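Structure first, then comments.
The values are calculated or read from the model by the stated rules, or taken from the named source; none is laboratory data. This structure is a prediction, so every number in the text was calculated from the model and none was measured. Please note: Cβ atoms are built from the backbone with ideal geometry, for glycine as well, and neighbour counts cover all protein chains shown. For accessibility, only protein heavy atoms count, side chains too; no ligands or nucleic acids. Shrake-Rupley method; radii C 1.70, N 1.55, O 1.52, S 1.80 Å.
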Amino acid sequence: AQSSPHHLSLQEYRRYGRQMQVPEFGGLTSQERLKSSSALIIGAGGLGSPALLYLAAAGIGRIGIVDHDVVDTTNLHRQIIHDTDTVNINKAESAKIRINALNPNVEVTTYCEPITNTNSFKIVKDYDIVLDCSDNPATRYLINDTCVKLDKTFVSGSGLRTEGQLTVLNFHRWGPCYRCFFPTPPPPNTVTSCSDGGVIGPCIGITGVMMAVEAIKVLTDYYTDDNFKPFLTVYNGYPQQKLRTFKMRGRVKGCKACDSDEITKEDIESGEVDYEGWCGSMNYNVL
Amino acid sequence: AQSSPHHLSLQEYRRYGRQMQVPEFGGLTSQERLKSSSALIIGAGGLGSPALLYLAAAGIGRIGIVDHDVVDTTNLHRQIIHDTDTVNINKAESAKIRINALNPNVEVTTYCEPITNTNSFKIVKDYDIVLDCSDNPATRYLINDTCVKLDKTFVSGSGLRTEGQLTVLNFHRWGPCYRCFFPTPPPPNTVTSCSDGGVIGPCIGITGVMMAVEAIKVLTDYYTDDNFKPFLTVYNGYPQQKLRTFKMRGRVKGCKACDSDEITKEDIESGEVDYEGWCGSMNYNVL
Amino acid sequence: MSTRVIVKAEFLGGLDSIFGGIKETKCTVEANDSTLPTIKDLIKHITDHLLVSPNDYCVFIQEDTVRPGILVLINDTDWELEGELDYELESGDVVTFTSTLHGG
Amino acid sequence: MSTRVIVKAEFLGGLDSIFGGIKETKCTVEANDSTLPTIKDLIKHITDHLLVSPNDYCVFIQEDTVRPGILVLINDTDWELEGELDYELESGDVVTFTSTLHGG
Ligand SMILES: [Zn+2]
Ligand SMILES: [Zn+2]
């Protein structure tokens with residue numbers, strides 16, 4: 001009998017043995033699930049850096065990385081997947097180099113372009129799960145709408161200063177989506193980026209690693225339709241490291257993305273849904 | 001006027017700008033403190049890997065790494081500072097390669113040997129702070145006693161399966177020490193190692209990153225004699241990611257390490273204090 | 001005579017910056033009629049007493065409710081599940097306002 | 001007639017493995033004399049009723065107290081600050097037993 005392509009080689013047994021031993025992980029079945037699964041990480045920055053390293057190390061079969069930016073010196077205090085030598089190199093490419101070195105079993109695809117109305121469906125459709133590690137509201141709404149229309153569960157994370165936030169959205173096609181939580185975008189003058197507000201490296205790092213834990217729970221079917229409950233987890237590194245988990249609403253009746261046909265794939269791809277116009281251009285300010 | 005060796009270069013201003021912007025961090029003064037300070041990381045494994053990456057990225061001036069082990073394939077699902085190509089290379093050396101690539105401003109010293117009664121004082125004395133990322137009780141007591149006798153604050157972390165624990169010990173020569181919490185070692189049959197009990201990579205990873213946050217707080221003087229309170233923080237990744245912080249005892253009257261002369265530097269260096277005999281050899285079992 | 005309750009308000013996600021850096025505070029909330037005080041009354045109390053500069057009103061309030069991008073949690077539960085503005089406060093309640101972060 | 005209290009016991013750090021995987025449970029604790037029940041009584045309740053195999057007694061108890069390497073927290077505070085074995089339980093108390101981890 002021919003072995004299935006998702007059976008583990010002896011070398012893989014050795015590599016992943018320690019995590020297969022943990023009861024919560026789910027043994028060989030879960031490891032084979034990870035091997036046969038694929039994750040798309042959008043943004044190889046402060047969140048994406050550790051999320052990518054831990055997901056690659058854990059043995060996800062295929063990883064896609066979307067980032068149009070190049071590595072900048074100002075990133076290196078927190079974006080620990082990159083190197084001083086990769087400054088001015090595209091971040092997705094730079095991240096791929098490290099992943100290949102850490103775990104050559106992982107197949108890595110890079111998308112060295114911004115995620116846009118035109119390419120989001122083409123990119124997202126090939127993956128089982130998406131990690132939204134992006135850095136602005138317009139991109140977050142685009143990722144949400146694309147994942148909802150393509151029935152993809154996604155892990156959404158964000159961070160600034162000493163804080164981080166994360167949640168699992170559109171879980172198994174019934175969990176709430178980003179628009180259920182945030183039907184209207186925030187006024188542009190209340191949106192702050194890491195380059196404007198600053199960020200402590202390990203604080204956003206912890207949020208990124210927590211995203212990897214959630215992705216593993218989704219891909220190994222630790223979360224089920226019975227035990228999954230909508231949540232938002234909030235981390236703060238100061239004054240004392242603290243994690244709070246809030247119980248969140250389910251899908252909202254009439255939500256424009258997940259409970260209506262108001263926004264279609266065609267509306268997005270044609271550019272009729274103008275995310276940047278709707279969210280306004282960022283005007284770095286108070287918050 | 002000649003500039004102080006701890007003033008930042010323009011390139012360093014750029015590299016660390018984003019963290020200097022965060023009010024809790026403490027601006028330029030704190031960045032200069034990090035640059036002029038040194039940290040010793042004992043163990044470049046599941047905890048040490050992310051702690052080293054984030055501390056190096058943050059701009060600690062000097063980092064020492066103690067590890068006698070070589071990188072093994074079974075480490076790579078969680079020890080994300082290493083590479084598949086560094087399998088069979090000493091872990092301290094392997095970690096140094098990555099740190100040099102990430103941040104060449106950091107001076108790295110490697111100690112490719114176990115920490116022992118004979119070398120612990122010689123190694124620890126040259127550092128401002130110690131991170132105990134080791135993996136057995138005997139080493140933990142040795143590190144404790146050495147740090148107490150040398151007046152070093154240290155961050156102690158540990159992890160197994162889906163859980164992690166961390167605390168700051170011997171803070172400014174008045175905080176409790178490891179022996180205050182644990183005057184007697186656990187029976188060997190209740191001690192489990194990661195290789196026996198298993199461990200989920202990002203779960204021990206989060207604990208390691210949290211250790212980096214605590215080290216930064218100590219080195220930048222965010223913690224003061226007024227605001228520091230003895231604590232133990234406990235992380236669990238399953239079923240829901242959770243962090244609990246317990247309020248802990250202060251120094252214990254008559255503690256053999258921090259409140260008596262029962263154990264001296266000479267007793268340790270002469271081998272009279274037999275840590276391994278006292279803790280017993282590990283007999284991997286239930287817990 | 002109107003009813004009073006004492007609740008804890010928390011400001012996370014950087015929201016403390018418009019309240020003089022206060023991250024949590026006790027608020028004594030009074031209803032503006034004979035009924036029990038609600039979240040609506042708490043929000044009025046906050047804008048009347050805690051907001052440092054009137055210029056920041058629009059950072060907290062828009063169209064008579066908290067502005068888009070701020071989540072409200074009552075005792076760690078999304079206010080959507082608790083009746084939103086009309087939730088009747090009880091003494092000891094913890095009401096958390098958190099600005100959503102967007103950095104990555 | 002002896003007094004009874006109901007408290008929550010939690011088992012962390014892998015300790016749940018000797019209690020059939022139970023991580024938290026309510027315990028009705030009775031004092032063995034006319035005084036209020038203490039942590040000592042809770043520990044007896046736990047070994048009498050929750051321990052699955054008598055062989056694991058020594059994993060939890062040594063020399064009439066919890067064995068070295070187990071921390072006891074009363075309402076998130078080190079029991080050392082609360083009177084250790086003699087702490088008098090109140091209904092609603094949360095008592096956490098956690099095994100220390102050593103892996104790195
Ligand atoms: Zn929705
Ligand atoms: Zn002590």
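Values computed for the structure shown
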{"item": "Net dipole in debye of the protein assembly as shown [+1 Lys, Arg Cβ; -1 Asp, Glu Cβ; about Cα centre; nearest 20]", "result": "1060"}
{"item": "Magnitude of the charge dipole, the range D:4-99, Cβ model with Lys/Arg +1 and Asp/Glu -1, debye to 20", "result": "420"}
{"item": "Part-to-part distance (alpha-carbon centres) for the range A:52-126 and the range B:1-79, which is given in Å", "result": "23"}
{"item": "Residue of A:Cys112, A:Cys258, A:Cys133 that the Gaussian network model of chain A assigns the largest fluctuation, springs spanning Cα pairs under 10 Å", "result": "A:Cys112"}
{"item": "Eligible lysines near D:Lys44 by straight Cα distance, threshold 27 Å, same-chain separation 8 or greater", "result": "B:Lys247, D:Lys8, D:Lys23, D:Lys26"}
{"item": "Residues whose placed amide H lies under 5 Å from that of D:Glu24, excluding near-sequence neighbours", "result": "D:Phe11"}
{"item": "Formal net charge of residues neighbouring C:Ile39 (Cβ-Cβ distance under 11 Å; K, R +1; D, E -1)", "result": "-4"}
{"item": "Geometric extent, Cα atoms of the range C:4-99 - Rg, Dmax (angstrom)", "result": "12.2, 35"}
{"item": "Partner chain coverage, peptide A:228-235 - average Cβ within 10 angstrom", "result": "3"}
{"item": "Given charges at Cβ of Lys, Arg, Asp, Glu: the range D:4-99 dipole, positive-most of D:Thr38, D:Val5, D:Val59", "result": "D:Val59"}
{"item": "Cα centroid separation, the range A:218-236 to the range C:21-94 (Å)", "result": "28"}
{"item": "Nearby lysines by direct alpha-carbon distance to B:Lys253 (threshold 25 angstrom, same-chain neighbours under 8 apart not counted)", "result": "B:Lys149, B:Lys152, B:Lys229, B:Lys265, D:Lys40"}
{"item": "Surface per residue (accessible, 1.4 Å probe) for the protein assembly as shown, Å²", "result": "37"}
{"item": "13 Å beta-carbon shell around A:Tyr127, net charge (K/R +1, D/E -1)", "result": "-1"}
{"item": "Antiparallel bridge percentage (DSSP; both residues within the range D:4-99; nearest 5)", "result": "75"}
{"item": "Mean separation of Cα contacts under 8 Å, 6 or more apart, over the residue count of chain A: relative contact order %", "result": "19"}
{"item": "Given charges at Cβ of Lys, Arg, Asp, Glu: the protein assembly as shown dipole, positive-most of B:Ala138, C:Phe97, B:Tyr222", "result": "B:Ala138"}
{"item": "Inter-copy label distances at A:Pro239 (7 Å, Cα→Cβ; nm, one decimal)", "result": "3.4"}
{"item": "Which of B:Val155, B:Pro183, B:Phe25, positive extreme of dipole for chain B (C-beta unit charges)", "result": "B:Phe25"}
{"item": "Student exercise, the range A:90-221 dipole from Lys, Arg, Asp, Glu Cβ charges, in Debye to nearest 20", "result": "100"}
{"item": "Total accessible area lost when D and B pair, probe 1.4 Å, Å² to nearest 100", "result": "2800"}
{"item": "Label point distance in nm, C:Tyr57-C:Arg4, each placed 7 Å from Cα along Cα→Cβ", "result": "2.6"}
{"item": "P(r) tail fraction, the range B:159-259 - alpha-carbon pairs more than 19 Å apart, %", "result": "52"}
{"item": "Principal axes of the range C:53-104: Cα extent on each, largest first, Å", "result": "30, 30, 18"}
{"item": "Under the Karplus curve 6.51 cos²θ - 1.76 cosθ + 1.60, θ = phi - 60°, whole-Hz ³J(HN,Hα) for the range C:57-73, x wherever Gly or Pro sits", "result": "3, 6, 6, 10, 10, 8, 6, 6, 9, 5, 6, x, x, 10, 9, 10, 10"}
{"item": "Theoretical ellipticity at 222 nm over chain C - DSSP helices of four or more residues, -39500 (n - 2.57) apiece, nearest 500", "result": "-3500 deg cm²/dmol"}
{"item": "Alpha-carbon Debye profile of the range A:1-148, log10 I(q)/I(0) at 0.13, 0.17, 0.21 Å⁻¹", "result": "-0.61, -0.95, -1.25"}
{"item": "The range D:7-104 - percent relative contact order, Cα under 8 Å, separation 6 or more", "result": "40"}
{"item": "Accessible area of the protein assembly as shown belonging to carbon and sulfur atoms, whole % at 1.4 Å probe", "result": "48"}
{"item": "Enclosed volume per residue, in Å³, of the convex hull spanned by Cα atoms of chain A", "result": "144"}
{"item": "The range D:18-64 - convex hull of alpha carbons, volume per residue in Å³", "result": "81"}
{"item": "Shielding by partners, peptide B:38-46 (average Cβ within 10 angstrom, other chains)", "result": "1"}
{"item": "Scattering curve values for the protein assembly as shown, log₁₀ I(q)/I(0), Debye with Cα scatterers, q = 0.08, 0.10 Å⁻¹", "result": "-0.67, -1.07"}
{"item": "Kirkwood Rh (inverse of mean 1/r, distinct Cα pairs), the range A:92-188, angstrom", "result": "14.7"}
